[in-house]
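Novice: Before anything else, here's the structure in question.
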């Protein structure tokens, strides 16, 4: 049987898990350069980033794309 979740790289991954991965992989400075949002550029933290990204769909989509790119780079 074809399970649609097998092809979804984001299935089971929380936004917080993505951020921790991205910070470890790229660091805040590179994330801020890749995605132009203040919560990555000025006094960045997981907590402030989560609050912003949960309210801002366009920014969350960019984070999800960067997360997928980072998985493919491995």
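Novice: For the list (1) farther than 21 Å from residue 72 by Cβ; (2) loosely packed, with under 14 Cβ neighbours inside 10 Å, I need the number of the one condition that residue 24 fails.
Specialist: In the conditions (1) farther than 21 Å from residue 72 by Cβ; (2) loosely packed, with under 14 Cβ neighbours inside 10 Å, residue 24 misses (1) alone.
Novice: Moving on to the next point. Taking the condition within 15 Å of residue 23 (Cβ to Cβ) and exposed (fewer than 12 other Cβ atoms within 10 Å of the Cβ), does residue 47 pass?
Specialist: yes
Computed from the coordinates by the stated procedures, all read-outs in this text should not be read as laboratory data. Fair warning: this is a prediction, and the values are worked out from it, not measured in the lab. Note that we place each Cβ from the backbone using ideal geometry, even for glycine, and neighbour counts take in every protein chain shown.
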